[in-house]
Amino acid sequence: MPDKSVARKLGIKEGYQVLIVNEPAGYRTILGELPPNVTVSTEPGPTVDLIQVFVTSRNELEHELGRMKTLLRARGLLWVSYPKDASRIKADINRDSINDYAHSMGLEGIAMISVDDTWSALRLKVI
């Protein structure tokens, strides 16, 4: 049985408004086929159903997380993607440091996925 697409792992559903922040080159191919009527943007609208933000540093995380939290619709999905330890991307964050900072923002990590060989993603929800 084939692996789930990244879009499916993220929980993207029909009609969703999706915001991708700091999107790496070639990511749309990795994301895979989207359900019908999904809109993907790199610019925030008034509110969105799902946000995936890519970060490589604590500074980026702090800059983006509060802003992203305010853009989500009620029950929206917020994913923070960060480089895997084995990737060649220099980073000063990991799952634990993201979760620690998220707690200070009233969020907690509830799920993880592997995006590809370079990126992992941690799903956050409001506590």
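Each residue of segment 15-21 in order: what ³J(HN,Hα) in whole Hz does its phi give by Karplus 6.51 cos²θ - 1.76 cosθ + 1.60, θ = phi - 60°, with x for Gly and Pro?
Each residue of segment 15-21 in turn: x, 5, 9, 10, 10, 10, 10 Hz.
Treating cross-link reach as a plain straight distance, find the aspartates and glutamates whose alpha-carbon is under 13 Å from the alpha-carbon of LYS9, omitting any fewer than eight places away in the same chain.
GLU33, ASP116
Out of every Cα-Cα pair in the chain, what percent are more than 23 Å apart?
Cα-Cα pairs of the chain separated by over 23 Å account for 25 percent.
In square nanometres and to one decimal, what's the mean projected area of the convex hull around the Cα atoms of segment 14-73?
Mean projected area for segment 14-73: 4.2 nm², to one decimal.
Spelling out what I want: for every residue of segment 48-58, take phi, set θ = phi - 60°, compute 6.51 cos²θ - 1.76 cosθ + 1.60 (Karplus), and round to whole Hz; glycine and proline get x.
9, 8, 8, 10, 10, 10, 9, 9, 10, 9, 4
For the chain, what is the calculated [θ] at 222 nm in deg cm²/dmol (nearest 500), taking -39500 (n - 2.57) for each run of four or more DSSP H residues and dividing by its residue count?
Calculated mean residue ellipticity at 222 nm is -7500 deg cm²/dmol.
Could you sort the peptides 111-122, 76-87 by per-residue average Cβ neighbour count (10 Å cutoff), highest mean leading?
Going by the mean number of other Cβ atoms within 10 Å, highest first, we get 76-87, 111-122.
Between GLU23 and ARG75, how many nm apart are label points set 7 Å from Cα along the C-beta direction?
Each label point is offset 7 Å from its Cα along the Cβ direction, giving 2.7 nm.
A short reminder: the numbers here are calculations on the coordinates, not readings from a lab. Values in this document were obtained by computation on a predicted structure and should not be read as measured data. Backbone-built Cβ (ideal geometry, glycine too); neighbour counts: all protein chains shown.
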